[in-house]
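Reading through the structure tokens given below for one structure.
The values are calculated or read from the model by the stated rules, or taken from the named source; none is laboratory data. All of these numbers come straight from a predicted model, not from anything done at the bench. FYI the Cβ positions are ideal-geometry reconstructions off the backbone, even for glycines, and counts take in every protein chain you see.
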């Protein structure tokens, strides 16, 4: 098994610190850095085929760039079309889409929402088969953006 390339490997190859590599990888950080240094880091990233660990980035509050879609019936043409269009939009915006079909089961729906929450998705698009407002309100309180579609949930608190 080939060992996974880490940010430390990139820093060593480029002859820079780990924080320098991190600044090159962070598009929102706009600090002064010599273009030669950026070039060395980018070269090392390419040569080593380095891929940042999305899970680690999410722990630092950078998000996963993944949206969860929970729908009641993946075979329903309405939801098929919806998933297709959402996937296109997500791809264009450089997000991934995790598609989950509850198969009209509240138990499966809860399991998928729990999975998406643990995966630290950046948001959940949901057509619920019967969730109560308290569960959705708890997700909102945790800071997980929720988009409800096609169903009404009485008692839902909007922030």
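This table checks each residue for (1) touching a strand residue (DSSP E or B) at 6+ places or on another chain (Cβ under 9 Å); (2) at pLDDT below 95.
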site: 99; (1), (2): yes, no
site: 104; (1), (2): no, yes
site: 109; (1), (2): yes, yes
site: 115; (1), (2): yes, yes
site: 120; (1), (2): yes, yes
site: 126; (1), (2): yes, yes
site: 137; (1), (2): no, yes
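Just the residues that are over 21 Å from the mean Cα position of the chain (by Cα) and at pLDDT 95 or above, please, taken from region 28-71.
Just the residues of region 28-71 that are over 21 Å from the mean Cα position of the chain (by Cα), to begin with: 30-49.
None - no residue of region 28-71 is over 21 Å from the mean Cα position of the chain (by Cα) and at pLDDT 95 or above, so the list stays empty.
The set of residues from region 102-145 being surrounded by 16 or more Cβ atoms within 10 Å (Cβ to Cβ), under 18 Å from the mean Cα position of the chain (by Cα) and closer than 23 Å to residue 76 by Cβ comprises 112, 113, 116, 121, 123, 124, 125, 126. Is there a residue in region 68-78 that is in contact with a helix residue (DSSP H, G or I) (Cβ under 8 Å, 6 or more places away or on another chain), surrounded by fewer than 16 Cβ atoms within 10 Å (Cβ to Cβ) and farther than 30 Å from residue 26 by Cα? Yes; the residues of region 68-78 include at least one that is in contact with a helix residue (DSSP H, G or I) (Cβ under 8 Å, 6 or more places away or on another chain), surrounded by fewer than 16 Cβ atoms within 10 Å (Cβ to Cβ) and farther than 30 Å from residue 26 by Cα.
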